[in-house]
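Trainee: Input: one structure, supplied below.
The values are calculated or read from the model by the stated rules, or taken from the named source; none is laboratory data. Keep in mind it's a predicted model, so treat the numbers as computed, not measured. FYI the Cβ positions are ideal-geometry reconstructions off the backbone, even for glycines, and counts take in every protein chain you see. Just so you know, the surface numbers come from the protein's heavy atoms only, side chains and all, with ligands and any DNA or RNA stripped out. Shrake-Rupley method; radii C 1.70, N 1.55, O 1.52, S 1.80 Å.
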Amino acid sequence: MNAVPIHAFNPGPITGAGNWTWLIPGRVPTLIDAGTGDPRHLDGLAAALDGATLKQVVVTHSHSDHAAGASAVAERFPGVRFLKMPWPDRDPKWGVSFDAIGGGDVVAAGDTVLTAVHTPGHAPDHLCFWHEESRTLFGGDLAVKGTTVWIPTSLQGDLTDYLTSLERVLALAPARILPAHGDVIDNPDTLLRGYLSHRREREQQVLAALRDGNGNPDAIVEHIYRGLKERLIPMARESVLAQLQKLERDGRVRRDDEAWHMIDP
Ligand SMILES: [Zn+2]
């Protein structure tokens with residue numbers, strides 16, 4: 001699997017150093033993720049194509065750092081086709097039309113094929129792309145080396161789905177993950193199992209906070225993340241909400257307005 005990382009030049013508080021997009025050269029030159037339309041990204045892409053015609057862009061999910069550049073890519077590389085799993089509420093923002101794909105679909109890419117793996121949780125439309133032969137996974141935002149992944153409940157993030165997606169990818173036994181953020185992950189098994197145990201631990205902490213009588217998400221954040229920097233509180237709150245929604249689905253907590261309670265503590 002010959003995949004060329006192309007930087008999107010969009011550093012920021014959520015994207016870190018900025019996104020990686022991945023070009024798979026060959027008969028069907030394919031880009032994984034669209035970036036945000038920065039001219040330096042488009043220049044880097046043109047240089048890597050080295051005169052070849054970009055055929056398609058496969059978008060992992062409809063967060064802006066992965067999809068917002070679609071119209072700029074379309075303008076710079078006329079005739080290019082876009083594919084993604086539909087998220088009807090968000091996709092129209094990106095100004096191009098997408099051909100719908102879903103989990104299990106096989107997509108030609110470069111001189112080979114990739115299989116789409118539906119991996120919701122971080123986003124409902126999230127797809128990873130699996131190259132069986134080299135056991136390489138294009139991971140989108142499923143995993144980021146050295147840190148955990150944000151589950152934005154306000155944008156249909158879902159922790160239960162995310163945990164199932166981690167198990168789904170672990171079952172593939174990937175040799176490496178090429179992510180949209182950070183370094184290549186060459187020990188996926190360790191990282192993904194670490195995520196699972198981290199979330200289990202977090203769940204116990206949320207339950208302990210509830211047992212101590214902290215019923216609203218802000219109090220739980222205070223309880224778990226003592227001394228957290230002000231600017232990180234909104235993300236910690238989302239993370240706690242994601243845990244609470246999972247526990248609600250598991251039948252272990254219930255909610256009255258802003259207050260959460262354990263069922264049979
Ligand atoms: Zn994302």
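Trainee: So which residues in the range 51-68 are buried (at least 19 other Cβ atoms within 10 Å of the Cβ) and within 14 Å of the ligand (Cβ to nearest atom), if there are any at all?
Mentor: Hits for the range 51-68 are Val59, Thr60, His61, Ser62, His63, Asp65, His66, Ala67, Ala68.
Trainee: Next question. Mind listing just one residue for me: the one in the range 219-238 that is in contact with a helix residue (DSSP H, G or I) (Cβ under 9 Å, 6 or more places away or on another chain) and over 20 Å from Val149 (Cα atoms) and, of those, most open to solvent (accessible area, probe 1.4 Å)?
Mentor: Glu222
Trainee: So Tyr195 passes all but one of these: (1) open to solvent by 50 Å² or more (accessible area, probe 1.4 Å); (2) free of Cβ contacts under 8 Å to residues at least 60 places away in the same chain; (3) among the aromatic types (Phe, Trp, Tyr). Which condition number does it fail?
Mentor: Among (1) open to solvent by 50 Å² or more (accessible area, probe 1.4 Å); (2) free of Cβ contacts under 8 Å to residues at least 60 places away in the same chain; (3) among the aromatic types (Phe, Trp, Tyr), Tyr195 violates only (1).
Trainee: Something else about it: Residues to consider are Thr160, Thr115; find the one that is at pLDDT 95 or above, open to solvent by 20 Å² or more (accessible area, probe 1.4 Å) and touching a Phe, Trp or Tyr at 6+ places or on another chain (Cβ under 6 Å). Before you say what the answer is, go through the steps one by one.
Mentor: Numbers: Thr160 fails: touching a Phe, Trp or Tyr at 6+ places or on another chain (Cβ under 6 Å).
Going through Thr160, Thr115 in turn, just one is at pLDDT 95 or above, open to solvent by 20 Å² or more (accessible area, probe 1.4 Å) and touching a Phe, Trp or Tyr at 6+ places or on another chain (Cβ under 6 Å): Thr115.
Trainee: Restricting to the range 132-144, give me the number of residues that are away from the ligand (no atom under 15 Å from the Cβ), open to solvent by 10 Å² or more (accessible area, probe 1.4 Å) and either closer than 21 Å to Gly194 by Cα or not polar (S, T, N, Q) (or both).
Mentor: Qualifying residue count, the range 132-144: 3.
Trainee: Only residues that are farther than 14 Å from Ala209 by Cα, more than 18 Å from the chain's Cα centre (by Cα) and buried (at least 17 other Cβ atoms within 10 Å of the Cβ): list them for the range 239-249, please.
Mentor: Of everything in the range 239-249, those that are farther than 14 Å from Ala209 by Cα, more than 18 Å from the chain's Cα centre (by Cα) and buried (at least 17 other Cβ atoms within 10 Å of the Cβ) turn out to be Gln245, Lys246.
Trainee: Can you list the helices (runs of 4 or more DSSP H) found entirely within the range 34-117 that contain at least 2 residues being under 17 Å from the mean Cα position of the chain (by Cα)? If you could, list the steps in order and put the result at the bottom.
Mentor: Working: elements: 39-49, 64-67, 70-76.
The qualifying helices (runs of 4 or more DSSP H) are 64-67.
Trainee: What's the number of the condition Leu83 fails, among (1) open to solvent by 10 Å² or more (accessible area, probe 1.4 Å); (2) away from the ligand (no atom under 16 Å from the Cβ); (3) within 17 Å of Cys128 (Cα to Cα)?
Mentor: Only one criterion is unmet by Leu83, namely (1).
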